[in-house]
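The values are calculated or read from the model by the stated rules, or taken from the named source; none is laboratory data. All figures in this text were calculated on a predicted structure; none of them were measured in a lab. Please note: Cβ atoms are built from the backbone with ideal geometry, for glycine as well, and neighbour counts cover all protein chains shown. In case anyone asks, the SASA skips ligands and DNA or RNA and just uses the protein heavy atoms, side chains included. Shrake-Rupley method; radii C 1.70, N 1.55, O 1.52, S 1.80 Å.
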Amino acid sequence: MLSSPWARFYSNSCCLCCHVRTGTIILGVWYLIINSVVLLILLSALTDPDQYHLTSAELGGEFEFMDDANMCIATAISLLMILICAMATYGAYKQHAAWIIPFFCYQIFDFALNTLVAISVLVYPSTIQDYLRQLPSNFPYKEEIMSVNPTCLVVIILLFISIILAFKGYLISCVWNCYRYINGRNNSDVLVYITTNDTAVLLPPYDDPVNGAAKDPPPPYVSA
């Protein structure tokens, strides 16, 4: 029987020991905690702007770190991410495959963005030096990083991004395998239910043969 080429990558376990459902729940809770912390920081920054406000003199440029519009957009994104992560966690726990799809789409989008960053670094390596020059003068280890050979710096950054992409790809496969596992299990339960009902309908009731035999009595016995 021919199988899909993606079937060879299907596995019910992740991280060498956990089930894909358990791994998806842990991943969803982890993202939920991170985005909740980010949301608390953003809300505290909105309530007390002076505490997190960085002037252009501190940044060494002609722009501000975060204005009110950017803070509101970041807060809305954090709320959306909390909703998506909560849906994925609930879907994996209650075995609702459709609830995992938004989180899976977010993973694909995040992986595509990181891939574009890696491609831009590979195609335009000079952008790294331009980015380093735009950093504030008091940025930690700015001078040490700029003193590194540009070629070595590009190789190090590409290696770092490649490790991140490999890790993100593995997490995507775990969530996808969880979706396939839940979807396949739900489909198998429906198939068993339909098969059982069809068998019950196709089998004649037990009383029908007995009643049919009673309607046609045998002929009377005639002695010779």
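Heavy-atom accessible area for Y90, with the other protein chains in place and a 1.4 Å probe, reaches approximately 100 Å². Give me, ordered by chain and number, the residues 5 or more places off H19 or on other chains with an amide H under 5 Å from its own placed amide H. It is C14, by chain and number. Solvent exposure of I26, expressed as accessible area, is near 100 Å², computed with a probe of 1.4 Å over the protein chains only. Taking every protein chain into account, the 1.4 Å probe leaves T127 with about 70 Å² of accessible area, to the nearest ten.
Using the Cβ-Cβ distance between A98 and I172 with R0 = 22 Å, the FRET efficiency computed as 1/(1 + (r/R0)^6) comes to roughly 0.80. One chain, two ends: S44 and Y141. Fully extended at 0.36 nm per residue, the span grows by 32.1 nm beyond their Cα-Cα distance.
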